[in-house]
Amino acid sequence: MNNDFTIQFHNNWYQLAELQPTTIRARETVSVEEWLDGTIHFSLRDKHLKYTVLPERPGKFQKKNPVILTTHKLNWKPLADHPWRKPFKTRS
């Protein structure tokens, strides 16, 4: 997998979706499966990844910050009763 979350396989380019069933970091090794019906499937840590087929090779990627693909929306906030929002208690 490339730094821009694209995969090249059999002269085709595939772009991974932003929301995935597992957390993905750039340059990780992804398993490629070509099923008997001709479909392509990518998997990482026993989870099938979501992707779209790109019509051509993607342009240059300008690296700004380390990027990861996650299992949740990027604007995720913990719930009001989440342990992070409770006061810290120490033992006396």
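The numbers here are math on the coordinates, done by the rules we state, and not lab data. Just so we're clear, the structure is a prediction, and the values are computed from it rather than from any experiment. FYI the Cβ positions are ideal-geometry reconstructions off the backbone, even for glycines, and counts take in every protein chain you see.
Can you sort 42, 5 so the residue with the fewest Cβ neighbours within 10 Å comes first?
42, 5
Calculate, for residue 3 and residue 86, the FRET efficiency according to 1/(1 + (r/R0)^6) with r their C-beta to C-beta distance and R0 35 Å; round to the nearest 0.05.
Computed FRET efficiency for residue 3 and residue 86: 0.35.
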